[in-house]
Amino acid sequence: MTADRGAIRTASWDKPLNLNALWEYANPLKFMRTTERVLPFFTVTAFACLAVGLIWGFFFTPDDFRQGSTVKIMFIHVPTAMMAINIWAMMLVTSLVWLVRRHHVSALAARAAAPIGAMMTVIALFTGATWGQPMWGTWWAWDPRLTAFLILFLFYLGYMALWAAIENDDTAADLTSVLCLVGSVFAILSRYAVKFWNQGLHQDSTIMKVGEKDPLAADYYLPLVVCITGFVLYFVALVLIRTNTEIRARRMRALLARERQG
Amino acid sequence: MIALLVRDLRLAVRAGGGFGLGLAFFLIVVVLVPFGVGPETGLLARIAPGILWLGALLACLLSLDRIFALDWEDGSLDLIATSPLPMEGVVSIKALAHWLTTGLPLVIATPLFGLLMSLPQAGYGPLVLSLLIGTPALSVIGTFGAALTVGLKRGGLLLSLLVLPLYVPTLIFGAETARRGAEGLDTATPMLMLAGISFGVTALLPFASAAVLRVNLR
């Protein structure tokens, strides 16, 4: 423990911004030690935020005068939809870090995030469908946003399938990282292509419209922000757990291989 | 570079499989569609541009795993990699060879298949032109997918899963051009977008394909 603190201190005085210290977490041991210390904090806060946000959202906000109680699907739909996109963005960043600086933890974090992102996409699509059925009168419409999300889900599937298909860890990390970069470009391209292809049914995002016309009602705003915070923390906790698990699994494989060699 | 292109073309023609297979597959798709949706001329004419684009895309997909697979198996890919030709050039030539053996025949045969699908008179020009512009993009994107999966056994299904989402923008703009042409509307906007995608991927994607191919040959 004391050796650890010393390491942080030596790294922190050479740069005021302390960005260099970030790279220390490329060391799996350091990463695991630190994450194990902060993990309880993330987990507890995530569940607290989710519990407060969801209960507040579901039971203590008024029904919308036109949408009735279906508006409350928003408290799951909006955070998961945001996470679905942002997790891909996080995978893009970690993939770049892997390609440039070859830090294994980075590649593993991208790998750990992908299934969570795929699940978030599914939840967003599913909650959207259950909301769309009473509101639009249909479970599914080929609306640009919906279609783009479905395509994003396909990208997640392809990414995970490529990880699963390749045996060599470093090769897999390289290939999936390049796929993530190329996929990001094509995902954005697809987003604009489907916008061109069909007109939308889905409303625009209102969460950033504070102070503009047509904002999200204040009653909903706070619980929604709490929910989003909860989902973000929940995601961080899950990624940390999954990355740690993957590091341990690798270490175990290495030990087994060494044992087999004698 | 030219020697590699000639070699690939000769292999494609003599070894069989790639060259005629895509066309035959395209024909079968076009023949099967009326069985599925009914022989009504009006309906067929309405869906013809989309079906023809989709058929061309699937025919293209079918032959993708052959781009590198044979060279990988007999080791000539390693030889090509150690030659002075940069990997980006190799990948571009491979894509070009794939387009010449798969994309171009599809483009040439499409008017005939349009006849089977009772495509409206006005639609032939835009359809052929959009395929001519769009199929190179399909070949280049497909080459990237093939380079990703080259070392894998049973990579075929994974290849489709990886490549098909990447085909979405090309398909949207290509089919939109053909549809607008068939309905007698202005095709300039989607055609330009399609050309943009084609040129963009031809210029940039070979770098990614070469990078993953280098990883796979490591």
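Read-outs: derived from the displayed coordinates by stated rules, not from any lab. Keep in mind that this is a model prediction, so the values were computed, not measured. Neighbour counts are summed over all protein chains in view; Cβ atoms, including those assigned to glycine, are modelled from backbone coordinates with ideal geometry.
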**OP:** Can you check what the Kirkwood hydrodynamic radius comes to for region A:151-199, Cα pairs only, in Å to one decimal?
**Re:** 11.7
Original post:
So for A:180, A:49, fewest C-beta neighbours within 10 Å to most, what's the order?
Top reply: A:49, A:180
**OP:** Take every Cα-Cα distance within the protein assembly as shown, group them into 10 Å bins from 0 onward, and report for each bin the whole-number percent of pairs it holds.
**Re:** 4, 17, 24, 23, 18, 11, 4, 0, 0
Original post:
To the nearest 10 degrees, how steep is helix B:41-62 against the longest Cα principal axis of chain B, on a 0 to 90 scale?
Top reply: 0
Original post:
When only Cα pairs under 8 Å and 6 or more residues apart are kept, what is the percent relative contact order across chain A?
Top reply: 29
**OP:** May I ask for the angle, rounded to the nearest 10°, between helix B:168-182 and the longest principal axis of chain B, with both axes built from Cα atoms and the value confined to 0 to 90°?
**Re:** 30
Original post:
Which value in Å is the Kirkwood Rh of region A:41-261 over different Cα pairs?
Top reply: 19.1
Original post:
Based on Cβ point charges of +1 for Lys and Arg and -1 for Asp and Glu, what charge dipole magnitude is obtained for chain B about its Cα centre, in debye rounded to the nearest 20?
Top reply: 220
Subject >> Kirkwood-Stokes translational diffusion coefficient of region B:2-216, alpha-carbon pairs, 10 °C, 1.306 mPa s, µm²/s >> reply: 90
Original post:
Quick one: if you stick a label point 7 Å off each Cα along the C-beta vector at residue A:39 and residue A:258, how many nm between them?
Top reply: 2.2
Subject >> Fewest-first ranking of A:136, A:142, A:131, using other Cβ atoms within 10 Å as the exposure measure >> reply: A:142, A:136, A:131
Subject >> Expected 222 nm ellipticity per residue - DSSP helices of 4 or more, -39500 (n - 2.57), all of chain B, to 500 >> reply: -27000 deg cm²/dmol
Original post:
For chain A, what is the calculated [θ] at 222 nm in deg cm²/dmol (nearest 500), taking -39500 (n - 2.57) for each run of four or more DSSP H residues and dividing by its residue count?
Top reply: -27500 deg cm²/dmol
Subject >> 13 Å reach of a label modelled at residue A:66, 7 Å along Cα-to-Cβ, counting backbone N of region A:104-148 >> reply: A:135-136
**OP:** State the answer as a single residue: which of B:178, B:36, B:198 lies farthest towards the positive end of the charge dipole of region B:2-216, with beta carbon charges of +1 for Lys and Arg and -1 for Asp and Glu, about the Cα centre.
**Re:** B:36
**OP:** List every DSSP H helix in chain A whose Cα atoms extend 27 Å or more along the helix's own long axis and whose mean Kyte-Doolittle hydropathy is at least 0.0.
**Re:** A:28-59, A:74-101, A:104-136, A:144-165, A:169-197, A:218-261
Original post:
Which residues make up the longest stretch of chain A that has no GluC sites (Glu not before Pro) in a DSSP loop with at most 16 other Cβ atoms within 10 Å?
Top reply: A:1-166
**OP:** Would you work out the charge dipole size for region A:78-227 about its Cα centre, treating the Cβ of every Lys and Arg as +1 and the Cβ of every Asp and Glu as -1, and quote it to the nearest 20 debye?
**Re:** 180
Original post:
Mind checking the angle between helix B:155-166 and chain B's longest principal axis? C-alpha axes, 0 to 90 degrees, to the nearest 10.
Top reply: 60
Original post:
Placing +1 at every Lys and Arg Cβ and -1 at every Asp and Glu Cβ, with all other atoms neutral, what dipole size does the protein assembly as shown have around its Cα centre, in debye to the nearest 20?
Top reply: 1040
